[in-house]
């Protein structure tokens, strides 16, 4: 084994020793998945523990959209009617999404009109629009999304349904993920292996336009390029990122158990900083 590679591998125990006290002090459940893009080093802390996926489930939706566009099944510029009506996976009954529970108003303003699939993807990722996500899931097919997740080897990600299906939530039928599962998806995108090199570059660019940057990016030097997707619901706060520093890597942080999202964001920023410093060292 080359000497420099040996030094890189030896940093993982040091990183583990730096991260675990941060997790312990937070009082939260935290899963960590870290891997250098050159494959030289990785660290998993509860990497296969399932968490509610929250909006991180929008990453495989985006991948499936670009896969179908690559296959010619859809075109990114295809218009889609904006209709606020979806079916519960429990009994097929209809439900609507509320603008007050969403993070974006733009799609709601287009009800009765159309938006392109590309526009919906942008809203789904950058401002985490639930309405856009549900429209795309309905268009692409949840079973197709699941097949793509399996094909990419991200079995820790389990996508059952769209967002705000209250009957499904009440029965515990939720989208779940593991830190390892999200890491695999982002690593595939970073390497141009999720759909194609051209499609994956476009997905990275969308992820780089993420509006919510109080987690992983907050622990990095100003100006660091980060392509990432967040996810938040009550007592759940996640961030999954490709960090394009001098030594690029994927970092996924899943946090459960903190009411205050400022507190969970702080935990993620601290871990992110520790990872950056260890990689730089």
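No lab work stands behind these numbers, since they all come straight from the coordinates. Small disclaimer: the values here were computed from a predicted structure and weren't measured. Please note: Cβ atoms are built from the backbone with ideal geometry, for glycine as well, and neighbour counts cover all protein chains shown.
Things worth noting here:
- Taken over the stretch 1-126, the convex hull of the Cα atoms encloses 193 Å³ per residue.
- Helix 117-126 and the longest principal axis of the C-alpha atoms of the chain enclose an angle of approximately 40°.
- Cα principal axis extents for the stretch 130-226, largest first, Å: 43, 30, 25
- Calculated log₁₀ intensity ratio I(q)/I(0) where the Debye formula runs over C-alpha points of the stretch 162-214, q = 0.16, 0.29, 0.30 Å⁻¹: -0.69, -1.00, -1.03
- Averaging 1/r over every pair of different alpha carbons in the stretch 27-97 and inverting the result gives a Kirkwood radius of 16.4 Å.
- Footprinting exposure proxy for 67, 256 (fewest neighbouring C-beta atoms within 10 Å first): 256, 67
- Estimated [θ] at 222 nm from DSSP helical runs (n ≥ 4, -39500 (n - 2.57)) normalised by residues in the chain, nearest 500: -13500 deg cm²/dmol
- Solution diffusion estimate, µm²/s, Stokes-Einstein, the stretch 193-281, Kirkwood Rh from C-alpha pairs, 37 °C, viscosity 0.692 mPa s: 244
- Distance cut-off 11 Å, percentage of C-alpha pairs in the stretch 19-59 lying past it: 72
- Among 165, 214, a tally of other beta-carbon atoms within 10 Å of each Cβ gives an order, fewest to most, of 214, 165.
- On Cα atoms only, tilt of 179-190 relative to the major axis of the chain in degrees: 80
- Least to most buried among 243, 74 (fewest other Cβ within 10 Å first): 74, 243
- Given R0 = 22 Å, the distance between the Cβ atoms of residue 106 and residue 48 translates into a calculated FRET efficiency of 0.05.
- Hull volume per residue, based on the alpha-carbon atoms of the stretch 55-176 and their convex hull, is 97 Å³.
- Helix 3-26 axis, angle to the chain major axis (alpha carbon atoms, nearest 10°): 70
- Ratio of Rg to Rh for the chain: 0.97 [Cα atoms; Kirkwood radius as inverse mean 1/r over pairs].
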